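Single-structure report; data block below.
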Amino acid sequence: NGTFNALQVSLKRRMTGSLQWQTEYMWSHAINDAAIGGGESAAPQNISDRRAEKGDSQYDIRHTITTNMVWQLPFGPGRPFLRGGFGGKVLGGWELSMIHSARTGRGINIAITRSARDLPDGNTSNQRPNLVPGVPIYPENQTIHNWLNRDAFAVPAPGTWGNLGRFIARGPGVNQVDLSLQKTVSIRESQRLAFRAEFFNLFNRPHFGLPAANISAASAFGRITSPANRTVGTGTARQIQFMA
């Protein structure tokens, strides 16, 4: 069972005076009691209490904002500056485009490895620890090597299940700027040639994956050891390409 609720806000400026831009913001909340794909099955912590599995979905992204902009530089024929001459030919026909994408992090499911004899039904699948009241789940000085506070989680007493909900923590977000610079040159009346340079993740901001989240592996718990597993699109390292 799953639900998805969202608020979407859009602000646009149509092309006026060689500039257009658009900003889209979405607040959303995805809740379910499992997330499965083709041929898979869900394994609740307590198979007799599926309602206890209800929580944030693993693909829940709470805040997302995207801004895009196109600016035709004010130089060259038909523009306010350098309408003619050598300067107009060199600086004219340029267009700058930008996309800024940012979102909050994905959910982290805190887990624990337990023995079958410590559980009422002997089922060791997808077990979660207890949440220690009053202790923050994130450390005061959060880094990729110390993303979660181990002291916030405890081993449940034998014969009980953990009281921690699913995906209560959040991993790193994404913040990326993509830029494109293009020049169009007229060859003949019906022919034009465009040169374009594109920069994805212009500032080469690192994007990280999720931390290890099993409290039974104390040395690895809360450590992020890999980047976001992306080779194209948002979340990659800086990529540059040129085209004509």
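The values are calculated or read from the model by the stated rules, or taken from the named source; none is laboratory data. Quantities reported herein were computed from a predicted structural model and do not represent experimental measurements. For neighbour counting, all protein chains shown are included, and Cβ atoms are generated from backbone atoms with ideal geometry for every residue, glycine included. In case anyone asks, the SASA skips ligands and DNA or RNA and just uses the protein heavy atoms, side chains included. Shrake-Rupley method; radii C 1.70, N 1.55, O 1.52, S 1.80 Å.
What to note about this one:
- Full extension of the chain between THR236 and SER115 yields a length gain of 39.6 nm, computed as 0.36 nm times the residue separation minus the alpha carbon distance.
- In this simple spin-label approximation, SER226 and ASN126 carry label points 7 Å from Cα along the Cα→Cβ vector, and these lie 2.1 nm apart.
- Mean Cα-pair separation over length for segment 100-209, i.e. relative contact order, pairs under 8 Å, 6 or more apart, %: 30
- Global size of segment 58-108 as Cα Rg and Dmax, reported in angstrom: 19.4, 60
- This model, with +1 at the C-beta of Lys and Arg and -1 at the C-beta of Asp and Glu, gives the chain a dipole about its Cα centre of some 1000 debye.
- Label point distance in nm, PHE4-ILE168, each placed 7 Å from Cα along Cα→Cβ: 2.6
- Point-charge dipole on Cβ atoms (K/R +1, D/E -1) for segment 156-244, about Cα centre, debye to 20: 80
- Of the trypsin sites (Lys or Arg not before Pro) in segment 1-108, those whose Cβ has at most 15 other Cβ within 10 Å and which sit in DSSP loop: LYS54, ARG83
- Förster radius 51 Å - calculated FRET efficiency between SER41 and LEU96 (Cβ-Cβ, nearest 0.05): 0.50
- Ligands, DNA and RNA are left out, and with a 1.4 angstrom probe the accessible area of segment 138-244 is 60 Å² per residue.
- Mean residue ellipticity (222 nm) of the chain, computed from DSSP H runs ≥ 4 via -39,500 (n - 2.57), nearest 500: -500 deg cm²/dmol
- Surface analysis of segment 1-105 yields an accessible area of 65 Å² per residue, using protein heavy atoms and a 1.4 Å probe.
- Kirkwood hydrodynamic radius computed over segment 105-244 comes to 18.4 Å, based on all pairs of distinct alpha carbons.
- Restricting segment 10-67 to GluC sites (Glu not before Pro) that sit in a DSSP loop and have at most 14 other Cβ atoms within 10 Å of their own Cβ leaves GLU40.
- Global geometry of segment 121-165, whether rounded, prolate or oblate, following the gyration tensor of its Cα atoms and the 1.5 cut on a/c: prolate
- Here the accessible area is traced with a 1.4 Å probe on the protein chains. For the chain, carbon and sulfur cover 55 percent of it.
- Gyration tensor (alpha-carbon) shape descriptor, the chain, a/c threshold 1.5: prolate
- The chain, relative contact order [Cα under 8 Å, separation at least 6], %: 16
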